[in-house]
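The values are calculated or read from the model by the stated rules, or taken from the named source; none is laboratory data. Keep in mind the model is a prediction, meaning the values are calculated, not measured. FYI the Cβ positions are ideal-geometry reconstructions off the backbone, even for glycines, and counts take in every protein chain you see. For accessibility, only protein heavy atoms count, side chains too; no ligands or nucleic acids. Shrake-Rupley method; radii C 1.70, N 1.55, O 1.52, S 1.80 Å.
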Amino acid sequence: MTAASTRLPLEGVRMVDFTHMILGPSMGMILADLGAEVIKVEPIKGDNTRRLIGSGAGFYAMFNRNKKSLAVDTTTAQGREIVLKLVASSDVFSENFKPGAMAKIGLDYASLSKLNPRLVYVSHKGFLPGPYDNRTALDEVVQMLGGLAYMTGYPGQPTRAGSSVNDIMGGMFGAIGVLAALRERDDPHHGTGKGREVKTALFENNILLVAQHMLQYSITGKPAAPMPVRINAWGLYDIFEVKGGEQIFLGVVTDSQWAVFCDAFGFADLKADRRLATNIGRVSEREWTLPLIRKRFADRPAAELAAVFERNELPFAPINKPEDLLDDPHLAATGGLASVTIPPDASGLGVSIETKMPLLPLALDDERFPVRMPPPSIGEHTDEVLKMLGYSADAVAAFKTAGVVR
């Protein structure tokens, strides 16, 4: 795979990214990676996400690459004027503040669509309009409310998924909504010439994630059991602890795979057992077959088992931690990781960090979308943006002196 060398799909599209945390910024990252000029509008002190440490230390760095930073005080009349000038020349505006917050500062859809009728306006919220829409929502809140935590943990122990799945998924659906609205606006044959208001929400994202379980109940009348205790559909599809306490996931999901598995490991007795000839039989006999296979694998290294499974095209996976993926050989070989320098005010530590980050998980004609710019420093592109908007050098200097911009 190679980095994209031709014109990027969204070149010529300008977006104002008036968001923070993950939900909004992830959408801006997607559009920026695809070539849009994404201008992140942040407070004079910078997005609060820049200063997160611990589990939040990667938020800003990951979701704000390929963007420009305009640091401006929108509580001032001059600051709002700058943002409105920027909106007038933009295709997309994105925000993820509480309901009503944008209307108070005149940056809601009703106001901005009058200024720029072609504007696609994206609101990222906890809930779409309805009885819940004034509740404060976080990824964990909607995972609990929306059944995902129930499905992830053991019975009686609801557990959030190990990533900000609804935030990131919300960004994805926001990007899909933007692309649909731009297509509708600009279609050469049936284009409306007008923008749209796109709305995404964490709760509704989560409902789509558990939709298959909702439908299972509707169809069968039987509720879905949480993943850790649900009856597995396959006879061999589990995590095995092997030599040295290592763990590895191994799967055998078809009858032909079962024959290959038995031959590969010399399990002639299991292959000859008629009770195990079909997957249904193997599921029924899991109570004794799994302990037996665990015992036979207990003294074999995980790497040895992985090699046999890979050689015979059987499903397997080591149990990796996120940090292991920074050195993953497949990601390295396919160009799936980009080397990036995170500036001191984007790392949460006050120091520059050299690291790698994953690219968008897609390719066009085998070309990946590169990290063209690292996450920006606070106001790194303020001068550039103001000049583009027609402000003179003297006006920019005056704005800085007055604390309107940084």
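If packing is taken as the average count of other Cβ atoms within 10 Å, what order do 341-348, 285-292 fall into, highest mean first? Before the final figure, lay out the partial values.
Values: 341-348: 19.9, 285-292: 13.5.
Highest-to-lowest ranking by the protection proxy: 341-348, 285-292.
Measuring with a 1.4 Å probe in the full set of protein chains, what accessible area per residue, in whole Å², belongs to the chain?
Values: 20850 Å² over 406 residues.
It amounts to 51 Å² per residue over the chain.
Do the sum for the chain: with -39,500 (n - 2.57) for every DSSP H run of n ≥ 4, divided by all residues, what is the mean residue ellipticity at 222 nm, to the nearest 500 deg cm²/dmol? Intermediate results must be reported in sequence, preceding the final value.
On the way: 18 runs with 158 residues, N = 406.
It comes out at -11000 deg cm²/dmol, rounded to the nearest 500.
For the range 148-161, what does the Karplus curve 6.51 cos²θ - 1.76 cosθ + 1.60, with θ = phi - 60°, yield as ³J(HN,Hα) per residue in whole Hz, taken in order and with x for Gly and Pro?
Values per residue, Gly and Pro as x: 5, 5, 4, 6, 7, x, 6, x, x, 10, x, 9, 5, 4 Hz.
Counting only protein heavy atoms, what percent of the accessible surface of the chain is carbon or sulfur at a 1.4 Å probe?
On the way: 12090 of 20850 Å².
The C+S portion of the solvent-accessible surface of the chain is 58 percent.
Starting from the Cα coordinates of the range 154-234, work out the convex hull volume and express it per residue in Å³.
Details: hull volume 12.9 nm³, N = 81.
Cα convex hull per residue, to the nearest whole number: 160 Å³.
Among DSSP beta bridges whose residues both lie in the chain, state the antiparallel percentage, nearest 5. Please list the in-between numbers first.
Values: 17 of 41 bridges.
If we restrict to bridges inside the chain, about 40 percent are antiparallel.
Suppose we take every Cα in the chain and form the convex hull; what volume per residue is that in Å³? It would help to have the intermediate numbers written out before the result.
Numbers: hull volume 77.7 nm³, N = 406.
Residue-normalised Cα hull volume stands at 191 Å³.
Considering amide H positions built from the backbone, and no H for Pro or chain starts, which residues 5 or more places from residue 120, or on another chain, come under 5 Å of its amide H?
Hits under the 5 Å cutoff: 92, 93, 196.
How high is the FRET efficiency from residue 144 to residue 394, r the C-beta distance, R0 56 Å, rounded to 0.05?
Numbers: r = 54 Å, r/R0 = 0.97.
The calculated FRET efficiency here is 0.55.
Provide the three semi-axes, in whole Å and in decreasing order, of the ellipsoid equivalent to the range 277-321 as defined by the square roots of 5 times the Cα gyration tensor eigenvalues.
Taking √(5λ) for each eigenvalue gives 22, 14, 10 Å, largest first.
In the chain, which helices (entire DSSP H runs) extend 18 Å or more along their own long axis, judged by Cα positions, while averaging at least -0.5 on the Kyte-Doolittle scale? All intermediate terms of the calculation are to be shown ahead of the outcome.
Numbers: long enough: 165-186 (31 Å, 0.56).
Sorted by number, the helices that extend far enough and score high enough are 165-186.
Please give, to one decimal in nm, the separation of the simple spin-label points placed at residue 241 and residue 215, each 7 Å out from Cα toward the Cβ.
Those two pseudo-labels are separated by 3.8 nm.
Quick one: of 85/356; 67/98; 67/387; 45/68, which pairs are farther than 27 Å apart, Cα to Cα? Write down the numbers at each step before the final one.
Working: 85/356 36 Å; 67/98 23 Å; 67/387 17 Å; 45/68 16 Å.
Checking Cα-Cα distances, 85/356 exceed 27 Å.
Going by Cα centres, the range 253-285 and the range 359-406 are how many Å apart?
Rounded to whole Å, the Cα centres lie 60 Å apart.
When the Kirkwood radius is taken over all Cα pairs of the range 313-406, what Stokes-Einstein diffusion coefficient follows at 4 °C and 1.567 mPa s, in µm²/s? Let's see the in-between values first.
Details: Rh = 16.9 Å.
The Stokes-Einstein estimate is 77 µm²/s.
Accessible area of residue 168, 1.4 Å probe, to the nearest 10 Å²?
Solvent-accessible area, nearest 10 Å²: 60 Å².
Put 150, 60, 132 in order of accessible area, largest first, 1.4 Å probe: what do you get?
Most to least solvent-accessible, the answer reads 150, 132, 60.
Any chance you could tell me what percent of the C-alpha pair distances in the range 287-357 go past 19 Å? Don't skip to the end; give the middle numbers.
Working: 1462 of 2485 pairs.
Percent of Cα pairs beyond 19 Å in the range 287-357: 59.
Relative contact order for the range 306-399: what is it in percent, counting Cα pairs under 8 Å that are at least 6 residues apart? Mind showing how you got there, number by number?
On the way: 76 pairs, mean separation 17.6, N = 94.
Across the range 306-399, relative contact order equals 19 percent.
For the range 82-168, which semi-axes, largest first and in whole Å, follow from the square roots of 5 times the eigenvalues of its Cα gyration tensor? Could the numbers behind the result be given before it?
Working: eigenvalues 244, 34, 16 Å².
Semi-axis lengths for the range 82-168 are 35, 13, 9 Å.
Could you calculate the contour length gain from residue 280 to residue 230, that is, 0.36 nm times the residue separation minus the distance between their Cα atoms, to one decimal place in nm? Working shown, then result.
Working: separation 50, 0.36 × 50 = 18.00 nm, distance 1.56 nm.
So the extension gain works out to 16.4 nm.
Once Lys and Arg get +1 and Asp and Glu get -1 on their Cβ, which of 307, 293, 326 lies farthest toward the positive end of the dipole of the range 270-361?
Selected residue: 293.
Per residue of the range 192-199, in order, report the coupling 6.51 cos²θ - 1.76 cosθ + 1.60 (Karplus, θ = phi - 60°) as ³J(HN,Hα) in whole Hz, putting x for Gly and Pro.
Once rounded to whole Hz, the list reads 7, x, 10, x, 9, 9, 9, 10.
In the range 154-239, which trypsin sites (Lys or Arg not before Pro) are in a loop and have at most 12 other Cβ atoms within 10 Å, using DSSP for the loop call? Present the calculation step by step, with values, prior to reporting the outcome.
Values: sites: 160, 183, 185, 194, 196, 199, 230; in loops: 160, 194, 196, 230.
Here the trypsin sites (Lys or Arg not before Pro) that fit, given the DSSP loop and packing criteria, are 230.
If I take the Cα coordinates of the range 232-380 and project them onto the principal axes, what are the three extents in Å, biggest first?
Result, largest extent first: 70, 38, 24 Å.
Set the Förster radius R0 to 30 Å, insert the Cβ-Cβ distance between residue 1 and residue 319 as r into 1/(1 + (r/R0)^6), and round the FRET efficiency to 0.05. Kindly include the intermediate steps, with their values, before the conclusion.
On the way: r = 26 Å, r/R0 = 0.87.
Working from the Cβ atoms, E equals 0.70.
Skipping prolines and chain starts, which residues have an amide H placed within reach, meaning under 5 Å, of the one on residue 38, given they are 5 or more residues away or on another chain?
For residue 38, the qualifying residues are 15, 68.
Treating the range 4-114 as a set of equal point scatterers at the Cα positions, no solvent, please give the Debye-formula log₁₀ I(q)/I(0) at q = 0.14, 0.17, 0.21 Å⁻¹.
-0.57, -0.83, -1.20
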